[in-house]
1. Over all directions, how big on average is the projection of the convex hull of the alpha-carbon atoms in the range 115-254, in square nanometres?
2. Quick one: if the Förster radius is 22 Å, what FRET efficiency do ASP20 and MET328 give, using the C-beta to C-beta distance and rounding to 0.05?
3. Could you list log10 I(q)/I(0) for the range 8-199 at q = 0.14 Å⁻¹, which the Debye formula gives when each Cα is one point scatterer?
4. Would you work out if the range 1-77 is rounded, prolate or oblate? Take a ≥ b ≥ c from the square roots of the eigenvalues of the alpha-carbon gyration tensor; rounded if a/c is under 1.5, else prolate when a/b is larger than b/c, oblate otherwise.
5. Express in nm, to one decimal, how much length is gained between TYR231 and LYS294 on full extension, taking 0.36 nm for each residue of separation and deducting their alpha carbon distance.
6. Using only the alpha carbons of the chain, determine the length spanned along each of the three principal axes and report them from longest to shortest in whole angstroms.
7. If you split all Cα-Cα distances of the range 192-332 into 10 Å bins from zero, what percentages do you get per bin, shortest first?
8. How long is the gain from GLU239 to ILE220 if the chain were fully straight, where each residue apart is worth 0.36 nm and the alpha carbon distance is subtracted?
Amino acid sequence: MLYKTINLSAIERNYQKLLDNSKKLVFPVVKSNAYGCGLKEVVHTLIAKFDIPLFCVSSLNEARTFLRLKTGCDVLVFETPREKLVDHPNIVYSLNSIKEIKTITHLKNKRVHIQYDLGHSRSNICTKEKLDEALSLCLKNDIQVDGLYGHLRINSDQVAISEMERLFPQYELKYKHLCSSETYLLDIGNAVRVGSNLYGDGLDAEFEQAIELYTYASRIIRAHKGETFGYYPGFTATESCLLAELPIGYAVGFVRNYSGSMLYCNNHLYPVVGAVSMNSLLVKIDRYVPKKAKFYLTSKDYPLTYFAQNNSLYNTEMLLLFHPEHIMYKND
């Protein structure tokens, strides 16, 4: 059984740090159920303390879920919807193509941010001429353009940065922002959208990790030399040793490739040995592990970077990869 603890106070502190360090408006990205931290809980935590100008999601379906929270806050939909648009005063659409203007004109609430493409190929508005055409057509069709933004592929893309430094001052718009968490310190525009940094993905040491993933041993096994355990290729004890059987496996996202990973327990690291099954795995331990000890995949003391690097994962994947049966929230 896999447990996940989410520290909402850490997310709150991370948002405050983003405000303080960027000196800009900060748009929280709450896509994918707030990076697995719980859309409802994260949104309510943030709006209880901060005046959030805009939340961001990927899809229209996520925007519908956000609207059911009845916060009265605006939400920007990044992706171009493939279904019928929702006509709502708090929904703002990303305009990623001049052709999309036709799909917006029939709405009563016509609000957009124009995405200027910076190499992702997420928008076909990639020149100043196309941007001016889009703005002109929006004006003609009574579409309110609230913002202009671009998404950097990497923080060091100086060509893209220079492009936005040139464009932003030429337009009088409410919001001019860059997408991608690592751009929050760039002195460009008046806003920034921030995703994984908000939840502490470990890519920037400034921010606190908000999640812990752990389980408990279902039993401790005294293995004798020569004994074999688990599916082929199983674990064969080369000497007498202790094994902790943990009630997690690939059913909750701990796939067989993660055999050999190190789990953190009682201030020590212990290896996963043998084949991972659907609902269990084995960890080789020593006699100092208490019977009711927690075995962490990640925690404040065992940052997710370690598990990610050990298994060739991107840090942000660790926020979403596992499917715990028990989720708990805390405020410290």
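Each reported figure results from applying straightforward, stated rules to the coordinates on display, with no laboratory input. None of these values were measured; they are calculated from a predicted model. Note that we place each Cβ from the backbone using ideal geometry, even for glycine, and neighbour counts take in every protein chain shown.
1. Details: hull surface 57.4 nm².
The directionally averaged projection comes out at 14.4 nm².
2. Values: r = 29 Å, r/R0 = 1.31.
With a Förster radius of 22 Å, E is 0.15.
3. Result of the Debye calculation: -0.76.
4. Working: a/c = 1.74, a/b = 1.06, b/c = 1.65.
Oblate, since a/c reaches 1.5 and b/c is not below a/b.
5. Working: separation 63, 0.36 × 63 = 22.68 nm, distance 2.46 nm.
Between TYR231 and LYS294, full extension yields an extra 20.2 nm.
6. Answer, in whole Å and largest first: 80, 40, 38 Å.
7. Over the range 192-332, the share of Cα pairs per 10 Å bin runs 11, 41, 33, 12, 3, 0 percent.
8. On the way: separation 19, 0.36 × 19 = 6.84 nm, distance 1.61 nm.
This chain segment gains 5.2 nm when fully extended.
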